[in-house]
Amino acid sequence: MAKMWAGRTDGRTDRLADDFNSSIGFDCRMYRQDITGSMAHAAMLGATGILPKADADTLIDGLQTILDDLGSGKLQFDPACEDIHMFVEQVLTERLGDVGKKLHTARSRNDQVALDLRMYLREQCDAISAQVKTLIEALTDRAAEYKTAIMPGYTHLQRAQPITFGHHLMAYAMMLLRDRSRLSDCRKRMNRSPIGCCALAGTTYPTDRAMEAAQLGFDGICMNSLDGVSDRDFCAEFLSTLAILMMHLSRLSEELILWTSWEFGFVELSDAYTTGSSIMPQKKNSDMAELIRGKTGRVYGDLVGLLTMLKGLPMAYNKDMQEDKEGVFDACDTVSMCLPVMTGMIETMTAKPEAMKKAAQRGFINATDLADYLVRKGLPFRSAYKISGAIVGDCVKSGAVLEELPLETYQQYSDLFDSDVYEAIDLTACVEKRTSAGGPAKVQEQIDYVTACLAKGDF
């Protein structure tokens, strides 16, 4: 079948080439954006007198009917069409005759696809941001529930200092708050309309690009026509933002996997978000967390694939750029699937504060507080550090813990030790004394901050 672009060639491509060249199998998901953009374009053509007002109105009505028919299932996508743009134009022409052929006046598929993609990703930014907000709210709720539950804080995966489970969860809430901020910033930069850039050099028609941009909810227009059709940095920025978001989800997943193991035993995930083993009846596997961790690599691949495709392209549009969409769509789908699963896991998990506290007690994580005790008694920090380290070393050999050492033993290391040492190294007291901004004694302030940010939309 001859193509609508036939002219310079006869438009009769080989079936194999047709299949290879076609993108309608994946870009059809942008049909709403494509038709909405075309309706705005038709309105502009009528308002500027490029087309008679009656023709523009007919085009808009025809496009609305196609949109309705696709939404209801009355109309199905034709896989023989090259892309969503040609499909819509073909159906419009079939229904309206010659009037339908006028729609493509003063535009190209080059600026049309850039428009569709910007509109689609703009919606995705909003949708994913809403999902992130829900996850943040789940984390803050659980942080409020466990803001006094003592647990070990880790460095190098070694027990380091006492914190609370609420404090730990709020760290992820802060990360995700920045992810929302990145989505917001990304949306701002992509919210410029490329329509009217045409193939690469604009048009001789007296178009009103600003009118078309405003009608479609853009903040303005792409000011350089080459840039408007040829760059996909907004896609790369979007994928980079999703990759960072998935990195945060993966880190949280990794900790959930560790915490649910017998070795840690800090958390139990709901049966609704775990699986069993086909052969080992005792197993309860954190498969959902593992899948999120695994799917993170998939999103990274989508980003690297896009950057690799773009890196050697000359101006302006090249067919290579058709490869921008599948990776972007895949990342959107992956992230949109992972976020509610992670939210469900957080909302339904059961923490085990006693197990956390026991781990904290066994890890000598109050050793820094022991050293600080001596510093407050007048000893230089390095001297206090050496004494505390020696005490810990001897405890490791004997199997003792700092809280259980007799006062006489402490006094063998320094006569500065007195009975108040036990209050200084009490784990709860250690946490409560960490009153510096952002510390584990300030969890409620962190919750209030995040809640206020979400309420104001200020990230």
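Quick note: the coordinates plus some simple rules give every number you see, no bench work behind them. Bear in mind that the values here come from a model prediction, so they are computed numbers and not experimental data. For neighbour counting, all protein chains shown are included, and Cβ atoms are generated from backbone atoms with ideal geometry for every residue, glycine included.
Taking 7 Å steps out from each Cα toward its Cβ at residue 15 and residue 261 produces label points 5.5 nm apart.
The loop-placed GluC sites (Glu not before Pro) in the range 179-274, going by DSSP, that have at most 12 neighbouring Cβ atoms within 10 Å of their Cβ come out as 263. Within straight-line reach of residue 147, meaning a Cα separation under 16 Å, sit the following aspartates and glutamates at least 8 residues removed in sequence or on another chain: 137, 347, 354, 432, 445, 448. Modelled label positions at residue 400 and residue 126, each set 7 Å beyond Cα in the direction of Cβ, lie 6.6 nm from each other.
Using just the helices of the chain, give the 222 nm mean residue ellipticity in deg cm²/dmol: DSSP H runs with n ≥ 4 each add -39,500 (n - 2.57), and the total is spread over all residues, rounded to 500.
Working: 19 runs with 283 residues, N = 459.
That calculation yields -20000 deg cm²/dmol at 222 nm.
Quick one: putting +1 on the C-beta of Lys and Arg, -1 on the C-beta of Asp and Glu, what dipole do you get for the range 250-387 around its Cα centre, in Debye to the nearest 20? Don't skip to the answer; put the middle values down first.
Values: 17 positive and 18 negative charges, 193 e Å.
Using Cβ point charges on Lys, Arg, Asp and Glu, the range 250-387 gives about 920 debye.
Among 23, 383, 419, the ranking by other beta carbons within 10 Å of each residue's beta carbon, starting with the fewest, stands as 419, 383, 23.
Measuring spread by the Cα atoms of the range 240-383 yields a radius of gyration and Dmax of 22.7, 73 Å.
Classify the range 15-105: rounded, prolate or oblate, from the alpha-carbon gyration tensor (a ≥ b ≥ c, eigenvalue square roots; a/c under 1.5 rounded; otherwise prolate if a/b is larger than b/c)? Note, shape of the range 15-105 comes out prolate. Scan the chain and hand back the longest stretch that contains none of the trypsin sites (Lys or Arg not before Pro) lying in DSSP loops with at most 12 other Cβ atoms within 10 Å. By the stated rule (loop sites, at most 12 other Cβ atoms within 10 Å), 75-282.
Can you tell me how the range 277-341 classifies by the Cα gyration tensor, rounded, prolate or oblate, using a/c under 1.5 as the rounded cut?
prolate
For the range 360-456, the tally of Lys pairs with Cα-Cα distances below 25 Å comes to 6, considering only residues 8 or more apart or on different chains.
Work out the length of the dipole vector of the chain about its Cα centre, built from +1 on the beta-carbon of each Lys and Arg and -1 on the beta-carbon of each Asp and Glu, and round it to the nearest 20 debye.
Values: 50 positive and 64 negative charges, 131 e Å.
Here the chain has a charge dipole of around 620 debye.
Exposure proxy ranking for 271, 34, based on other Cβ atoms within 10 angstrom of each Cβ and starting from the fewest, stands as 271, 34.
Of 417, 329, the sequence from fewest to most neighbouring Cβ atoms within 10 angstrom is 329, 417.
Give me the percent relative contact order of the chain, please, defined on Cα pairs under 8 angstrom at least 6 residues apart.
Details: 615 pairs, mean separation 74.1, N = 459.
Contact order relative to length: 16 percent.
For the range 1-128, relative contact order (Cα pairs under 8 Å, six or more residues apart, normalised by length) works out to 29 percent.
Taking amide H atoms as placed 1.01 Å from N in the peptide plane, the amide H of residue 221 lies under 5 Å from those of 193, each 5 or more residues away in sequence or on another chain. Angle of helix 381-398 to the longest C-alpha principal axis of the chain, folded into 0 to 90 degrees and rounded to 10: 80°. Decide, for the range 360-456, between rounded, prolate and oblate: order the square roots of the alpha carbon gyration tensor eigenvalues as a ≥ b ≥ c, take rounded if a/c falls under 1.5, and otherwise choose prolate if a/b is larger than b/c, else oblate. Taking the square roots of the gyration eigenvalues as a ≥ b ≥ c, the range 360-456 is prolate.
Altogether, the Stokes-Einstein calculation at 10 °C and 1.306 mPa s, with the Kirkwood radius of the chain over Cα pairs as Rh, returns a diffusion coefficient of 60 µm²/s. Taking 0.36 nm per residue of separation and subtracting the Cα-Cα distance, full extension of the segment from residue 307 to residue 95 would add 72.3 nm. Label-to-label distance, residue 284 versus residue 47, with points set 7 angstrom from Cα along the beta-carbon direction: 6.0 nm.
Measure nothing but the geometry: give the 0 to 90° angle between the long axis through the Cα atoms of 353-362 and the longest principal axis through the Cα atoms of the chain, rounded to 10°. With both axes taken from Cα atoms, the answer is about 60 degrees.
Any chance you could check the Cα centroid distance between the range 348-394 and the range 404-423 for me, in angstrom? What the calculation gives is 14 Å, centre to centre. A straight line joining the Cα centroids of the range 245-318 and the range 202-238 runs 36 Å.
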